[in-house]
Amino acid sequence: MLRTSSPILKPIRDKVEAGERLSLDDGLVLERPDVPLPELGELANLVRERKNGNFAYYNINTHLNPTNVCVYRCVFCAFRSDLRDPKGYVMSDEQILARGAEAVENGCTEMHIVGGLHHQRKYDWYVNVIRILHEAYPELHLKAWTPVEIDWFCRLAKKSVREVLEDMVGAGLGSLPGGGAEIFHPEVRNQICEHKADSHRWFEVHRTAHALGLRSNCTMLYGHIEQPYHRIDHLIRLRELQDETGGFQTFIPLAFHPDHTGLSHIKKPSSLMDLRVMAVSRLVLDNVPHVKAYWIMLGIGTAQVALSYGADDIDGTVRHELIYHDAGATTPEVQSVEELRRLIVEAGREPVERDTLYHRVDRDGTHWHAGAAITAGA
Ligand code: V47
């Protein structure tokens with residue numbers, strides 16, 4: 001039995017308890033500042049525990065951003081560089097392979113690969129990033145390329161989304177990360193990233209990936225110029241594709257970090273807003289198994305609390321993260337497994353190491369193998 005008592009939440013509480021779907025209008029009510037945050041959290045926690053019990057998942061992973069040089073100029077991005085900017089870099093094959101070696105030495109199960117869209121690199125260069133890593137380290141799951149990158153590759157290669165994804169799978173791609181979603185509504189998207197893949201293209205890429213049997217994640221970048229309506233609209237669009245394909249594994253709400261971006265006059269969202277967005281996302285996205293509290297972005301303390309506000313996953317050890325650190329994140333660059341497990345236990349949850357596709361990981365030091373699939377509940 002829930003302790004919630006606000007009259008404003010009563011109809012929504014009844015729906016959540018009965019396992020019924022929330023509407024767009026319900027989502028807008030949840031976003032109202034007069035909805036008490038603890039009650040919202042309690043409702044989201046009900047769904048979180050229904051789906052994932054007391055488990056909180058983490059993985060041992062690393063990031064690779066093969067280049068930061070990018071043809072696009074998204075105003076929220078501090079990571080990108082112009083072609084001739086001294087900050088710009090492109091990694092060589094040797095540097096990329098060295099990262100693979102480091103990942104395996106550290107027991108990583110996953111490498112998360114995204115980057116800039118370089119003005120001069122050809123399609124084969126991007127396929128080669130996946131191929132050389134997969135050939136050298138076949139056990140490392142390569143979670144790579146957002147729809148923004150896949151769309152760019154289609155233009156470079158004059159190929160369809162399906163053909164590009166098939167090339168990448170042939171080279172060793174394992175799944176797609178959730179990035180590039182930002183805010184789908186054109187009122188916002190046209191102001192923060194007008195030139196890159198639009199929402200239709202973003203969904204086309206994930207729909208095609210799911211049809212090919214790939215799993216993927218999804219995200220939402222919040223706390224900049226968007227309004228509550230844009231966030232709920234975003235979540236409902238994701239929910240609709242999930243109804244169609246069932247291919248999303250995890251949703252990750254991404255808090256905007258303003259430093260060194262074109263929106264540096266905007267304040268970073270507060271922890272209370274982070275928790276509200278987490279809880280609302282869990283409640284509206286009723287068909288996505290997992291919601292992630294990305295500790296790099298939220299900070300450790302908020303990520304721990306978020307495990308009782310809808311989140312059941314905290315991402316991983318995360319080595320070599322640049323996108324958030326370039327934009328002012330003050331979290332450490334890497335967390336040890338012991339520390340990740342400690343912070344989960346301190347939050348009252350049971351830590352479970354997973355691989356990218358949510359199998360339990362059985363591990364002896366850096367040696368590991370994927371065990372049974374973790375099945376989410378309702
Ligand atoms: O698409 C860029 C966001 C995303 C900023 O799939 C920013 O498991 C805040 O998608 N402030 C990339 N956000 C990161 C991403 C991700 C992260 C962790 C796990 C997974 C996963 C995916 O980061 C971009 C954009 O939405 N971003 N700049 C910024 N200044």
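Values in this text are rule-based calculations from the coordinates and carry no lab data. Every value quoted in this text rests on a predicted model; they were computed, and no experiment measured them. When we count neighbours, we look across all protein chains shown, and the Cβ atoms used for this are built from the backbone with ideal geometry, even at glycine.
With θ taken as phi - 60° and the Karplus curve 6.51 cos²θ - 1.76 cosθ + 1.60 applied, the whole-hertz 3J(HN,Hα) list for region 17-22 is 4, 8, x, 8, 6, 8 Hz, x standing for glycine and proline. Compared with the dominant principal axis of the Cα atoms in the chain, helix 93-105 is inclined by about 50°. For the chain, which cysteines have no disulfide-compatible partner, meaning no other cysteine Cβ under 4.7 Å? Result for the chain is 70, 108, 154, 218, no neighbouring Cys Cβ within the cutoff. Dipole size of region 239-378 about its Cα centre, with +1 on Lys/Arg Cβ and -1 on Asp/Glu Cβ: approximately 320 debye, rounded to the nearest 20.
Please work out whether region 1-46 counts as rounded, prolate or oblate from its C-alpha gyration tensor, where a ≥ b ≥ c are the square roots of the eigenvalues and a/c under 1.5 means rounded, while otherwise a/b larger than b/c means prolate and anything else oblate? Oblate is the answer for region 1-46, as a/c is 1.5 or above yet b/c matches or exceeds a/b. Derived scalar couplings between HN and Hα for region 142-159 equal 9, 9, 9, 6, 8, x, 5, 6, 4, 4, 5, 4, 4, 5, 4, 8, 6, 10 Hz in order, rounded to whole Hz, by the Karplus curve 6.51 cos²θ - 1.76 cosθ + 1.60 (θ = phi - 60°), x for Gly and Pro. Residue-wise HN-Hα couplings along region 68-74, as the Karplus relation 6.51 cos²θ - 1.76 cosθ + 1.60 with θ = phi - 60° gives them from phi, are 10, 6, 9, 5, 8, 10, 5 Hz; Gly and Pro carry x. Among the trypsin sites (Lys or Arg not before Pro) in region 211-305, those placed in a DSSP loop whose Cβ has at most 11 other Cβ atoms within 10 Å are 267. Between 0 and 90 degrees, the angle of helix 37-52 with respect to the longest Cα principal axis of the chain falls at about 60 degrees. Quick check: Cα centre of region 153-179 to Cα centre of region 342-374, how many Å? Between the Cα centre of region 153-179 and that of region 342-374, the gap is 29 Å. When you filter the GluC sites (Glu not before Pro) in region 12-102 for DSSP loop state and at most 12 other Cβ atoms inside 10 Å of their Cβ, you are left with 20. Using only the Cα atoms of region 105-206, build the gyration tensor, take square roots of its eigenvalues as a ≥ b ≥ c, and label the shape rounded, prolate or oblate: rounded if a/c is under 1.5, else prolate if a/b is larger than b/c, else oblate. Here region 105-206 falls in the prolate category. To the nearest ten degrees, helix 161-171 and the longest principal axis of the Cα atoms of the chain are 70 degrees apart. Within a straight-line Cα-Cα reach of under 17 Å, residue 15 can be paired with the following lysines, leaving aside sequence neighbours fewer than 8 residues apart in one chain: 51.
Taking 27 Å as the straight-line reach from the Cα of residue 196, the lysines in range (excluding those fewer than 8 positions away in the same chain) are 87, 122, 143, 158, 159, 267, 268, 292.
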